[in-house]
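Please treat every number below as a calculation from the coordinates, not as lab data. What you are looking at is a predicted structure, and each value in this text was computed from that prediction instead of being measured.
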Amino acid sequence: MSLTNPQLQQYDFLAEMQRDAYFPPHLVEKGRQILIRLCEAIEADRPQSLDALYVLSHAATEEFNRLAEEFYEHDSEIEPRRARTSVRISRRWPRLTVSIRRMSRN
């Protein structure tokens, strides 16, 4: 599966973390892949409500929780301020923005 939304295809997920040497590049890439898979799931399933969207986000949240342990093992950590990413979905909900922090409350 790959992203079909042109804006998401061009979006540089976790760009700030990629530019900061504090974050291990291979772990930042894992985080990027988690977000890309979440976006692919959203495109494929087209959730009809925020609750349905939060269900999709649960797996990504769990993956990020596990990834946080890997960051700690490499003397680093995921900083929510930097890792927070917004996903804009224009097909069903024009300009809907959902933050990773909000989705992780599920």
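Taking 0.36 nm per residue of separation and subtracting the current Cα-Cα distance, fully stretching the chain between Glu73 and Leu3 would add 22.1 nm.
For the pair Arg46 and Glu29, the difference between a 0.36 nm per residue extended length and the Cα-Cα distance amounts to 3.6 nm.
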